[in-house]
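A.B. asks: Starting off with a structure, shown below.
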Amino acid sequence: MMSPGTLYLLPVPLAENSVAQVVPPLHHDLVSRLTVYIAENSKTARHWIKAIAPGVTQAALTIHEYGKHTDKTSLAHYFAELAKGEDVGLMSEAGCPAIADPGADIVAEAHRRNIRVCPLVGPSSILLALMASGFNGQSFAFHGYLPIGKEPRAKRLKELESNASRYDQTQLFIETPYRNNQLLEEIVRTCNPQTRLSVAADLTAKEETIISATIAKWKTKKTDLHKRPAIFCLYKAG
C-alpha cells in the first residue's frame with residue numbers, strides 16, 4: 001500500500017517585497033518542487049509561489065481553492081494527490097495557514113486520514129503584534145473579528161478589557177482594514193484611560209507602524225489605519 005504524502009503548512013509573506021526578509025531557504029526549495037497546493041485564493045497563491053520560486057512553471061501547478069464559503073460536506077478531492085503519495089502545500093492569503101484561516105479544516109481532515117502534517121516557520125501577524133506590544137506574552141487570547149454594531153461591539157470591548165485585567169491576559173483582535181479607524185475610535189471612546197492598547201499595522205512592510213500606549217495617550221494621537229492590515233492588542237493598566 002502506498003504511503004500518503006505530507007501536507008506542508010506553508011506560511012506566506014504579510015507584505016509585498018518582503019520575501020527575502022521572511023522566507024527561509026527551506027521554503028524556496030520546497031516551493032520549487034511542489035506542484036499541488038490548497039489555498040484560499042488561487043490568484044494570491046500563484047503570486048506568492050512566483051515570488052518565492054520564480055523558476056516554477058505556473059502551468060504545471062494544481063491549486064485547489066478552499067475558503068470559508070466552500071462546501072465542507074466532502075473534502076475528499078482535496079486529498080486525492082496526498083493519497084497517491086504526493087506532497088501538498090497548504091497556503092493562507094497571508095501569514096500562517098490554519099491560524100485565523102479556513103485551512104484549519106484541511107489540517108483537521110488530514111489528521112483524520114493519518115496524513116503527516118508538517119508546519120513550517122514563517123510570519124504570523126498575531127505573534128508579531130504580540131511580541132511588539134510589550135504586553136503579557138504568557139497568557140493571551142485571539143478573538144478574530146468583533147461585532148460590527150456599535151452597541152454589541154462596545155459591550156464586547158468592555159468584556160475584553162475586563163478579561164485583560166481579571167486574567168492578566170492580552171486580548172488580540174482584528175477588523176476589516178477599511179473599518180479600522182472606526183474600531184480605533186470605538187476603543188478610545190469605550191475603554192478606561194489607563195487601559196493599554198497596542199496597534200500593529202502593515203507588519204513587515206516598509207510602512208510598518210507599531211504603537212503601544214494608554215487609551216489616554218491614544219486620544220491625543222492622529223493615526224490613520226484606513227485600509228491598513230492591523231492587529232489590535234488590549235491589555236490592563238500598567
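The values are calculated or read from the model by the stated rules, or taken from the named source; none is laboratory data. All values reported here derive from a predicted model rather than from experimental measurement. Note: ideal-geometry Cβ built from the backbone for every residue, glycine included; neighbour counts use all protein chains shown. When the accessible area is computed, the model is the full protein with side chains, heavy atoms only, and any ligands, DNA or RNA have been set aside. Shrake-Rupley method; radii C 1.70, N 1.55, O 1.52, S 1.80 Å.
A.B. asks: Do any helices (runs of 4 or more DSSP H) entirely within the range 125-227 hold 3 or more residues that are without any contact (Cβ under 8 Å) to a residue 24 or more places away in the chain, over 30 Å from SER18 (Cα atoms) and β-branched (Val, Ile, Thr), and if so, which?
C.D. replies: Per the criteria, no element qualifies.
A.B. asks: Now for a different question. How many of the residues making up the range 157-192 are of a type outside the set (A, V, I, L, M, F, W, C) and within 22 Å of the chain's Cα centre (by Cα)?
C.D. replies: 11
A.B. asks: Shifting gears a bit: With the condition being free of Cβ contacts under 8 Å to residues at least 12 places away in the same chain, I'd like the helices (runs of 4 or more DSSP H) fully within the range 1-84 carrying at least 2 qualifying residues.
C.D. replies: 25-33, 42-52
A.B. asks: Let me ask something else. Quickly run through the range 203-213 and pick out the residues that are open to solvent by 30 Å² or more (accessible area, probe 1.4 Å) and either in contact with a Lys or Arg (Cβ under 9 Å, 6 or more places away or on another chain) or within 11 Å of CYS191 (Cα to Cα) (or both).
C.D. replies: Passing the criteria: GLU207, THR209, ILE211, SER212.
A.B. asks: Looking at the range 120-132, is at least one residue in contact with a strand residue (DSSP E or B) (Cβ under 9 Å, 6 or more places away or on another chain), open to solvent by 20 Å² or more (accessible area, probe 1.4 Å) and under 30 Å from SER3 (Cβ atoms)?
C.D. replies: yes
A.B. asks: Being open to solvent by 20 Å² or more (accessible area, probe 1.4 Å) and at positive phi is the filter here; which residues of the range 82-119 pass it?
C.D. replies: GLY85, ALA98, ALA100, ASN114
Residue-by-condition table, conditions (1) charged (D, E, K, R); (2) modelled with pLDDT of 95 or more; (3) farther than 10 Å from ILE38 by Cβ:
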| site | (1), (2), (3) |
| --- | --- |
| GLU65 | yes, yes, no |
| SER74 | no, no, yes |
| LYS84 | yes, yes, yes |
| ASP87 | yes, yes, yes |
| ALA108 | no, yes, yes |
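A.B. asks: On to the next question. Considering only residues of the range 3-19 that are closer than 21 Å to ALA200 by Cβ and not β-branched (Val, Ile, Thr), which is most open to solvent (accessible area, probe 1.4 Å)?
C.D. replies: The extreme case among them is ASN17.
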